[in-house]
Amino acid sequence: MKAIVQDRYGPPETLTLADVDAPVPAAGEVLVRVEAAALNAYDWHVMRGDPRLGRLAMGPSRPRARIRGRDFAGRVEAVGAHVRTVRTGDAVFGDLGDANGAFAEYVCVPETLVAPKPANLTPQQAAALPLAGVTALLGLRDVGQVEPGHRVLVNGASGGVGTLAVQLAKVLGATVTGVCSTRNVDLVRSLGADHVVDYTRDDFTRDTRRHDLVFDLVGNRSLTALRRALTPTGTLVLSGGGVYRGGSLVGPIRLIARGRLVAPFVRHRIVTLTAAPGRQHLDTLRAHAEAGRLTPVIDRTYPLHEVPDAIRYLEGEHARAKVVVTI
Ligand SMILES: NC(=O)c1ccc[n+]([C@@H]2O[C@H](COP(=O)([O-])OP(=O)(O)OC[C@H]3O[C@@H](n4cnc5c(N)ncnc54)[C@H](OP(=O)(O)O)[C@@H]3O)[C@@H](O)[C@H]2O)c1
């Protein structure tokens, strides 16, 4: 099968289209013919091995997983022994997690990591949901504990996670403020944001409006500034952010580590987020999508052999919502 492989850390040029053996489903796994895959910031972090501290998990000298990509949608081609919940021919979507491998014609995945594709979404739209959608869902609902009437601010509202977070915060009954640049103001408003702050003109941390939850997806502001935007007992959810700056030891981990250090000593809740894939969350996203409450926005679509260009575009941190690969 064709796949985008990588044998050393580096820029998009280190990714190549290669012929590799198609995977064979083990017990409890399903083989999926991939129709679409989506990019996430995670993919360029693994591609570059950045931050270097992350290589403890990603692989010390090169990516442990040779094929890049996590999110996919496609059709089940075969099932391994003891698979009970998925059948050959099912349309599914999912996130391969740290195993990676989605930028390929076939993936093998534990049945617990796939769910039926939302019936009303194209494979491209469905592939755009898993990692970004689960991040938004867990950040707002579980970690952020958003309740109806809460005021929620999403910093990075026009990105892959942010466009879904704005919609999910509305589903949870919040009053939503989205932060983005001028060209994305209309998009963020169209997703349901009650207020939009154009960061090229206004500084949300200097605004008089205070928020019960600040969901930070950019990592470009200090803890002090982010906390200024909170009510006295508000919650700050830190999830990462940032662009490649020629190599870094800790990158976005710095702000997250500072948040953890400060958290025990302040009245604000400062919490960090690690989105783990799983069927239960995919089922929740599907229900929202099929009810018309959650619609992924796709910025650009690339063919498989152009994944290096797609990652080059995404790692600039100005993609408008999701970048998707059609296979
Ligand atoms: N902790 C976890 O488990 C987890 C899971 C998923 C993602 N993440 C992290 O979450 C972050 C966001 O992910 P993503 O997929 O949404 O990334 P993304 O799609 O690459 O985000 C791009 C967006 O960031 C916006 N942006 C850039 N600079 C900004 C600024 N100064 N203020 C406000 N918005 C700005 C851009 O808007 P403009 O073009 O309008 O500037 C663009 O729409 C990433 O760093 C990712 O690593 C963490």
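Pairs, please: C-beta under 9 Å, at least 6 apart or cross-chain, first residue open to solvent by 50 Å² or more (accessible area, probe 1.4 Å) and away from the ligand (no atom under 12 Å from the Cβ) and in region 36-60, second assigned to a helix (DSSP H, G or I) and among the aliphatic types (A, V, I, L, M)?
LEU53/ILE253
Give me the residue from region 205-249 that is among the charged types (D, E, K, R) and out of contact with any Ser or Thr (no Cβ under 9 Å at 6 or more places or on another chain) and, out of that set, nearest to ASP142 (Cα to Cα).
Filtering first and then ranking leaves ARG206.
Can you pull out the helices (runs of 4 or more DSSP H) entirely within region 123-198 that have at least 3 residues that are open to solvent by 40 Å² or more (accessible area, probe 1.4 Å)? Spell out the reasoning first.
Details: elements: 123-127, 130-137, 160-171, 185-190.
Helices (runs of 4 or more DSSP H) meeting the threshold: 185-190.
If a residue has to be under 24 Å from LEU168 (Cα atoms) and free of Cβ contacts under 8 Å to residues at least 12 places away in the same chain to count, how many in region 187-202 make the cut?
2
Every residue in region 61-85 that is open to solvent by 10 Å² or more (accessible area, probe 1.4 Å) and aliphatic (A, V, I, L, M), please.
Scanning region 61-85 gives ALA65, ILE67, ALA78, VAL79, ALA81, VAL83.
Kindly establish whether THR112 is at pLDDT 95 or above, in contact with a helix residue (DSSP H, G or I) (Cβ under 9 Å, 6 or more places away or on another chain), in a loop (DSSP other than H, G, I, E, B) and of a type in the set (Ser, Thr, Tyr).
Criteria not met by THR112.
Within region 129-149, identify whether any single residue is within 10 Å of the ligand (Cβ to nearest atom), of a type in the set (Gly, Ala, Ser) and touching a Phe, Trp or Tyr at 6+ places or on another chain (Cβ under 9 Å), and answer yes or no.
Taking every residue of region 129-149 in turn, at least one turns out to be within 10 Å of the ligand (Cβ to nearest atom), of a type in the set (Gly, Ala, Ser) and touching a Phe, Trp or Tyr at 6+ places or on another chain (Cβ under 9 Å).
From the set of residues in region 217-240 that are away from the ligand (no atom under 12 Å from the Cβ) and assigned to a loop (DSSP other than H, G, I, E, B), which is farthest from ALA157 (Cα to Cα)?
Per the criteria, the residue is SER222.
Return only the number of the condition from (1) open to solvent by 10 Å² or more (accessible area, probe 1.4 Å); (2) among the aromatic types (Phe, Trp, Tyr); (3) within 27 Å of VAL166 (Cα to Cα) that TYR106 does not satisfy.
(3)
Those residues that are at positive phi and of a type in the set (Gly, Ala, Ser), I need them from region 283-322; list them, please.
Those that are at positive phi and of a type in the set (Gly, Ala, Ser): GLY292, ALA321.
Being open to solvent by 30 Å² or more (accessible area, probe 1.4 Å), under 23 Å from THR85 (Cβ atoms) and more than 15 Å from the ligand (Cβ to nearest atom) narrows it down to one residue among ARG293, ARG269, ARG286; which is it?
ARG286
Which of the residues spanning region 261-290 are out of contact with any Leu (no Cβ under 9 Å at 6 or more places or on another chain) and among the charged types (D, E, K, R)?
Scanning region 261-290 gives ARG267, ASP283.
Would you check which residues across region 307-327 are of a type in the set (Asp, Glu) and more than 8 Å from the ligand (Cβ to nearest atom) and list them?
Within region 307-327, just ASP309 meets the criteria.
The values are calculated or read from the model by the stated rules, or taken from the named source; none is laboratory data. Bear in mind that the values here come from a model prediction, so they are computed numbers and not experimental data. Neighbour counts are summed over all protein chains in view; Cβ atoms, including those assigned to glycine, are modelled from backbone coordinates with ideal geometry. Heads up: the accessible areas ignore ligands, DNA and RNA and are worked out on the full protein's heavy atoms, side chains in. Shrake-Rupley method; radii C 1.70, N 1.55, O 1.52, S 1.80 Å.
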